[in-house]
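Presented below is the structure to which this report refers.
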Amino acid sequence: MRGPDGVRRLADDLAGVAGGVLSIAAGLRDEARAIREAGCEAMRRRLGAAEREEVEAALDLARAALDRAEAAEARAQAAEAAIAALAERVARLEQAEPPEA
């Protein structure tokens, strides 16, 4: 392995080994990620935790219910104001009419 050809072959062999090591490292990284995700999913199921989509759907329902409650409160306030105005009008009418004998 002397001379320029020997050095080139050694460099090629080292590059091949380095490429293999990088390939193994990438495979280990992917496998570790898959194991972590599977473990997290199993823990989520064990704890009964909801998935993001479920939580977002529940929040949407809660927001809609809050909107409906606020609208109902506004209608109730308007009805109370209308009743108060009618009560005031009835009181004025009662004061204006002479009592019946």
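No lab work stands behind these numbers, since they all come straight from the coordinates. Just so it is clear, the model here is predicted, and its values are computed rather than measured.
Distances over 18 Å make up what percent of all Cα-Cα pairs in the chain?
79
As a test of the formula, what do you get for the chain when each DSSP H run with n ≥ 4 contributes -39,500 (n - 2.57) and the sum is divided by the residue count, at 222 nm and rounded to the nearest 500 deg cm²/dmol?
-33000 deg cm²/dmol
Which ³J(HN,Hα) values, rounded to whole Hz and listed in residue order, are derived for region 8-25 from phi using the Karplus coefficients 6.51, -1.76 and 1.60 in 6.51 cos²θ - 1.76 cosθ + 1.60 with θ = phi - 60°, glycine and proline given as x?
Once θ is set to phi - 60°, the couplings for region 8-25 become 4, 5, 5, 5, 5, 5, 5, 5, x, 5, 4, x, x, 4, 5, 5, 5, 4 Hz.
From the backbone phi of region 33-40, what are the Karplus-calculated ³J(HN,Hα) couplings (6.51 cos²θ - 1.76 cosθ + 1.60, θ = phi - 60°) in whole Hz, Gly and Pro given as x?
With coefficients 6.51, -1.76 and 1.60, one gets 5, 5, 5, 4, 5, 5, x, 5 Hz.
So what are the ³J(HN,Hα) numbers for region 62-70, from phi and the Karplus equation (6.51, -1.76, 1.60; θ = phi - 60°), rounded to whole Hz, Gly and Pro as x?
Computed from phi, the couplings for region 62-70 are 5, 4, 5, 5, 5, 4, 5, 5, 5 Hz.
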